[in-house]
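First up is the structure itself, then whatever we jot down about it.
Quick note: the coordinates plus some simple rules give every number you see, no bench work behind them. The shown structure was predicted, so the numbers you read here are calculated from the model rather than taken from an experiment. When we count neighbours, we look across all protein chains shown, and the Cβ atoms used for this are built from the backbone with ideal geometry, even at glycine.
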Amino acid sequence: MKRKFTIFTATALCAVMLLGSISMFGSASYLTYTYSVDGFDMASPDAYTPEIEIDSVYMGVTDLEIDKTTGKGIAPPIDDPRDLFVDQNKNVYIADGANSRIVVLNEYYKYKFAIKEFNNDQGVPDSLNTPSGVYVTTDEIFVCDTENNRLVVFDLEGEFKRIIHEPKSDVMPANSIYKPVACAVDSTGRIYVISSTTYMGVISLNADGSFVGFIGAQKVTASWWQIIWRQFQTEEQRALSVQNVSTEFNNITIDHKGFIYVTTSSIEEWQQQSAIRSKSGDYAPVKKLNSSGADIMHRNGFFAPNGEVSVRGIAYDTNTPTGASKIIDVAIGPENTWSIIDEKRSRVYTYDGDGKMLFTFGDTGMQLGNISSIEAVAYQGDKLLLLDKTRDSFTVYNRTEYGDILINALRNNNDRKYDKAVDDWQAILQRNSNFDAAYVGIGKALYRAGDWEGAMKYYKFAYETENYSAAFKMWRKDVVSKIIWLIPILVVIGAILISQFFKFAGRVNRRVAVSTERRTFWQEVLYGFHVIFHPFDGFWDLKHERRGSVRAAFFWLAVTILTFTYQAIGKSYLFNPHGGYASIFIQTTGLLVPLLLWVTANWCLTTLFDGEGSFKDIFIATCYSVIPLPLLIIPSVIATHMVTLAEGNVVTLLTTFAYVWMAILIFTGMMTTHDYTLGKNILTSVGTIIGMAFIMFIILLFTGLITKIVSFIGAIVTEISYRL
């Protein structure tokens, strides 16, 4: 029995080791991931896995010339490849920079022909010179003949057709050099050219090469100092000074609808990093332009489609790239997907039509699937091709089962087959529970089926507030329709209760005003409702008649702190999608620090401005002035559970009105407490704000000095202990 158990255990162990080996063999040499709403990368199943690396030998390029002695190919291999393009027949085109040619391969990556020398339209022998880009339409091949400053057009067999020379126009910058590095052609024949030395946007040409104009110029910014300084410069000084010009684009492509995708890697680092969390395209490294040059890209993901999100400024490993992505190419994929590549990290980022990240993969290295120096990206059916400039090759990636399900889900969604899309999204979630687009897809299907509550549930998983708001609006409509008769009753009851409470507070305050008895704590608290509606009379009695007290002031201060805590955690999902966490200590500090700074600074100025209020008077008046905050902020928080995002202005209005009301009460309170005129009170208020800043400076300076003294004493003690 023992021998059988030993044999069984050994067999099981071998099976586990074998399965582990198979798994490692089938895995990719890189990590595929997406990003969470907090910016952390989350592992994802591979959407593409490497199949083969295609070099010049595999293509058959070196076999164009054979050494008769060895029988081996000696033709020049591809050197310094600069662009990669796949046409509608899946033929592959490579811009071979160092050899000044375009190499054309069939769909199996075998050599067909090369374009290098030709007879031009004058019948004179001509040749390409360091081409940097290639674009193929249904019947023509457009080559960016960079060092010859022109575009050259060939037919699909490689026969010369025409030359498109440098465009001529009065709006072209003087002394500019035309260096076309990328181009694209739309269905109407209009040509769009990227010149590496042009800063005015994409050059638009008619089919005959005539100049149309510039489109899509990047935003230019100048500091206030630069703007002011230029007003005092002479014409000569302005000509010699640094010019604020738009950043140039580096690549371009067009989708089947005629929309233009352009990329740039010349944006300032801080501007591009700020654009990661922005919905604006002002400093985006990739844009989607219409024919007039307007950016129409959707940026509906957690982060803008700008490549890397986790852009750490300091790397623990010196080989780890840091900073924003350097985007150098864009390719259009199936079902409105598109991909960009990051030259820093040799990584691919793929997004859907809404700008939501679908997956990211890739890394530098020598293993199959890793790219030493990424240069271009192109789709070939269900395959993805990445060009490696250092290894003079490209790698073919196959779409995985997970990738197929993802594309099929997008296809069904685009075709409005939402029921079928749900099955695909659920299949994706079984493989990747972190995939937010799947939750959104299921939510949309449930929304169209009328299941508002179910849709809200899935939207919430994906932090999809806009769609959640739409589902909530429909759910609210159903609920209201069922209790429509109850709403007026609740409104009337609420109005009566509020009215009766204020009447009660008013009776108490009037009775106390003529009473000679000692005031109770709750009478002092209720007097706050008289102050906020009758500030001049209220603050006068607060000081001279002692209608308030320090204990009542602390009560309202505590209520306000609790109100801020409730505001931080009590808002609905729509207005607090990430779930707020509030610490009483933080809320207390956030209110007490500015309040005490105000009271202290204002009290310090009373001697200079002949103020009549004491520190205690100022403190009590200020604490009574914050009463509008709990009165209006609490209802505004409750209102977040009843309104949609589009109706959120109601919440903002209540909160804003609360702070404006508080500011008016503080201003009135100080004027009454110190018996100031309006002008002197304005001057004192401004001085108080300046005094608050000065006190903060003194505190920070003193804290820094104490820290240094403690550190110095600690260093001395440590040194003495070592010597002893």
>> Cβ neighbours within 10 Å, averaged per peptide: list 523-531, 582-590 in order, most packed at the top.
In response: 523-531, 582-590
>> Taking the 0 to 90 degree range and rounding to the nearest ten, how far is the long axis of helix 2-26 tilted relative to the main principal axis of the chain, both from C-alpha atoms?
In response: 80
> Which of rounded, prolate, oblate describes the range 596-648, given a ≥ b ≥ c as roots of the alpha-carbon gyration tensor eigenvalues and a/c under 1.5 marking rounded, otherwise prolate only if a/b is larger than b/c?
Replying inline: prolate
> Where does helix 678-723 land angle-wise versus the long Cα axis of the chain, in degrees 0 to 90, nearest 10?
Replying inline: 70
>> For a quick check: with amide H placed at 1.01 Å from N, whose amide H comes under 5 Å from Asp83's, ignoring anything fewer than 5 positions away on the same chain?
In response: Ala95
> Once both axes come from the Cα atoms, what is the angle between helix 649-674 and the longest principal axis of the chain, in degrees from 0 to 90, rounded to 10?
Replying inline: 40
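Using 0.36 nm per residue of separation minus the Cα-Cα distance, give me the extension gain between Ser280 and Leu701 in nm, one decimal.
Here the segment from Ser280 to Leu701 would lengthen by 147.6 nm.
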> What translational diffusion coefficient, in µm²/s and rounded to a whole number, does the Stokes-Einstein relation yield for the range 170-221 at 25 °C and a viscosity of 0.890 mPa s, taking the hydrodynamic radius as the Kirkwood radius over Cα pairs?
Replying inline: 212
>> Using Cβ counts within 10 Å as a stand-in for footprinting exposure, how do Arg411, Arg101 rank, fewest first?
In response: Arg411, Arg101
> To the nearest Å, what is the center-to-center distance of the range 675-700 and the range 635-651, using C-alpha atoms only?
Replying inline: 35
>> Can you tell me the length gained on complete extension of the stretch Phe609 to Thr656, counting 0.36 nm per residue apart and subtracting the Cα distance?
In response: 13.8 nm
>> Show me the ranking of peptides 253-259, 270-276 by mean Cβ neighbours inside 10 Å, starting with the highest.
In response: 270-276, 253-259
>> Return the Rg/Rh ratio of the range 414-482 with Cα-based radii and a Kirkwood Rh.
In response: 1.01
>> Quick check: Cα centre of the range 551-628 to Cα centre of the range 363-396, how many Å?
In response: 59
> Where a ≥ b ≥ c are the square roots of the eigenvalues of the C-alpha gyration tensor, would you call the range 477-577 rounded, which needs a/c under 1.5, or, failing that, prolate if a/b is larger than b/c, or oblate?
Replying inline: oblate
> For the chain, what relative contact order do you get, as a whole percent, if you take Cα pairs closer than 8 Å and at least 6 residues apart?
Replying inline: 8
>> 5 Å is the cut-off here: which amide hydrogens, built 1.01 Å from N in the peptide plane, fall below it relative to Gly365, excluding neighbours closer than 5 in sequence?
In response: Ile371, Ser372
> What order do you get for Trp338, Trp452 when you list them from fewest to most C-beta neighbours inside 10 Å?
Replying inline: Trp452, Trp338
>> How high is the relative contact order of the range 518-705? Use alpha-carbon pairs under 8 Å, at least six apart in sequence, and give a whole percent.
In response: 27
> Which residues in the range 445-459 have a backbone N closer than 11 Å to a point placed 7 Å from the Cα of Asp478 along the Cα-to-Cβ line?
Replying inline: 447-456
>> Show me, for the range 544-550, the HN-Hα J-couplings you get by feeding each phi into the Karplus relation (A = 6.51, B = -1.76, C = 1.60, θ = phi - 60°), rounded to Hz, glycine and proline as x.
In response: 7, 9, 6, 6, x, 7, 5
> Rounded if a/c is under 1.5, else prolate if a/b beats b/c, else oblate: with a ≥ b ≥ c from the C-alpha gyration tensor eigenvalues square-rooted, which is the range 280-403?
Replying inline: oblate
> Fewest first, what order do Cys623, Cys144, Cys604 take by the number of other Cβ atoms within 10 Å?
Replying inline: Cys604, Cys623, Cys144
